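Bear in mind these aren't lab numbers, they're just calculated from the coordinates by the rules spelled out. This one's a predicted model, so the numbers in the text were calculated from it and none came from an experiment. Quick reminder, even Gly has a Cβ in these numbers, built from the backbone with ideal geometry, and neighbours come from all protein chains shown.
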Amino acid sequence: MKMHNFSSGPSILPPEVLQKASEAVLNFNNSGLSLIEISHRDTSFVEIMNSARSLALELLNLQGKGYSALLLQGGASLEFVRVANNLMKVDGKAGYLNTGNWANNAKNDAAYFGEVIEVASSKDKNYSYIPKNILVPNDLDYLHITSNNTIYGTQFKEFPETDIPLVCDMSSDIFSRNLDFSKFDLIYACAQKNAGTSGVNLIVVKDELLDKTNRSIPNIMNYKKHIERESMYNTPSVFSVYVSYLTMKWLKDLGGITAAERRNNAKANLMYSEIDRNSLFYGTAAIEDRSTMNATFFLKDENQTKAFDELCSSEGIYGVKGHRVFGGYRASMYNALPITSVQKFVEVMQYFETRYM
Ligand SMILES: *Cc1c(COP(=O)(O)O)cnc(C)c1O
């Protein structure tokens, strides 16, 4: 059966990416060798790494604007630590917007390095909205934002205006919509939501941001060191880098972020129209802050959970269970999810309504 994959991460990849990635595992570029058994210093892999790094800058429209792109191991959770280690001065101060679980984890990890201020929070309403009119203190080393709150289904549509360096965790909405990415001084994202598979992070950093802290930074944590070594300071996650490369190439061929955004808006409109229309379900995120990537919703009658879950699995709907800290349902609609999958899910919800109303 054709599965409709709404998984929140690791998540759906384009079929042509899966095809090419599996071919490379068996016989990379007709070399008679597997991609995952050759040296990462082999020119054919070095070219992949360099193309991936420049594709990232190209897609974000940041080429020639003083930014470097890195592909490093560790998951977004490691960037929580690396960001603070690189950017927080000894006796410095960092600001965090607490808009969800990941944002809160980022904030807590930064606190190992110094003073951390919660500049705004939406915890009072279980992270169901994005704080507005945020006043940013002017004595921060940086302000950290989580652009899309994967678990709660909220997304920043506008970002605070400030001269403080902006750091953004875009793990779950990178490459999904057009923004002026040059407003950000550092962007990071784990690959497994919208940019490939797990095992690698994309980090895009303004060169002039680095080298300003007076604290010591171990090499593996040091963005500057990784830039000098062109993401080859130590062995990269070769397979994950290749999958990210293929995913970014797929996106470029599709028409880049502009084309992805058009598709994503159409999918999100379809999904939210059904959540709002269907008498058995309700959405949780504030309407103006709804994420185009992760739609969160609940059954009004929780006794219907088992029946709905069974219907979903018999109809090939995969991965719509909400995050364990939040519950309910979550449809993740990343770039690679075709609109036909959303159409199918909407039909399943409509059919469920006719049976259980
Ligand atoms: C998934 C996610 C993370 C955590 O990523 P890991 O790679 O598992 O560490 C962090 N931030 C956001 C916004 C996420 O969606």
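What percent antiparallel are the DSSP beta bridges of the chain, to the nearest 5?
Numbers: 22 of 40 bridges.
Here the antiparallel bridges make up roughly 55 percent for the chain.
Just how large is the dipole of region 15-254 about the Cα centre, in debye to the nearest 20, putting +1 at every Lys and Arg Cβ and -1 at every Asp and Glu Cβ? Walk me through the numbers before you get to the answer.
On the way: 23 positive and 27 negative charges, 39 e Å.
About 180 debye.
Can you name the helices of the chain, as whole DSSP H runs, whose Cα span along the helix axis is 30 Å or more and whose Kyte-Doolittle mean is not below -1.0? All intermediate terms of the calculation are to be shown ahead of the outcome.
Values: long enough: 256-277 (32 Å, -0.90).
Correct list, ordered by number: 256-277.
Set the Förster distance to 51 Å, then compute FRET efficiency between Lys212 and Glu288 from the Cβ-Cβ distance, nearest 0.05.
Values: r = 36 Å, r/R0 = 0.71.
Efficiency for this residue pair is about 0.90.
Could you please rank Thr43, Thr197, placing first whichever residue has the fewest other Cβ atoms within 10 Å of its Cβ? List each step's numbers first, then the result.
Details: Thr43 8, Thr197 23.
Listed from fewest to most nearby Cβ atoms, that is Thr43, Thr197.
Going 7 Å from the Cα of Gln350 along its beta-carbon direction, which residues of region 262-281 have the amide nitrogen within less than 18 Å of the resulting point?
Residues 266-281 fall inside that zone.
How large is the direction-averaged shadow of the alpha-carbon convex hull of region 256-356, in nm²?
On the way: hull surface 25.8 nm².
Average projection, Cα convex hull of region 256-356: 6.5 nm².
According to a simple spin-label model (label point 7 Å from Cα along Cα-to-Cβ), what is the distance in nm between Ser51 and Val325?
Between Val325 and Ser51, the label points sit 3.8 nm apart.
Cut-off 10 angstrom, C-alpha nodes, Gaussian network model of the chain. Which of Leu210, Leu71, Leu251 fluctuates the most?
Maximum among the listed residues: Leu210.
Remind me, relative contact order of the chain in percent, using alpha carbon pairs under 8 angstrom and six or more residues apart?
Numbers: 668 pairs, mean separation 83.9, N = 357.
Taking the mean separation of contacting Cα pairs over the length of the chain, I get 23 percent.
How many percent of all Cα-Cα pairs in region 1-77 sit more than 19 Å apart? The partial results should precede the final answer.
Working: 1680 of 2926 pairs.
In whole percent, the share of Cα-Cα pairs in region 1-77 beyond 19 Å is 57.
How long are the semi-axes of the ellipsoid equivalent to region 171-265, from square roots of 5 times the Cα gyration tensor eigenvalues, in whole Å, largest first? Each step should come with its number before you reach the end.
Details: eigenvalues 141, 61, 20 Å².
Over the Cα atoms of region 171-265, the ellipsoid semi-axes are 27, 17, 10 Å.
At q = 0.12 Å⁻¹, what base-10 log of I(q)/I(0) does the Debye formula yield for region 117-229 when every alpha carbon is treated as an equal point scatterer in vacuo?
-0.49
Projected area of the chain, taken from the Cα convex hull and averaged over every viewing direction, in nm²?
The directionally averaged projection comes out at 18.0 nm².
Per DSSP H run of n ≥ 4, the term is -39500 (n - 2.57); total these for the chain, divide by its residue number, and report the mean residue ellipticity at 222 nm rounded to 500 deg cm²/dmol. Don't jump to the answer; show the numbers that get you there.
Details: 9 runs with 125 residues, N = 357.
Counting only the DSSP helices, I get -11500 deg cm²/dmol.
Could you pull out which residues in region 234-259 have an amide N less than 17 Å from a spot 7 Å beyond the Cα of Ser31, following the Cα-Cβ vector?
Under cut-off, by backbone N: 235-246.
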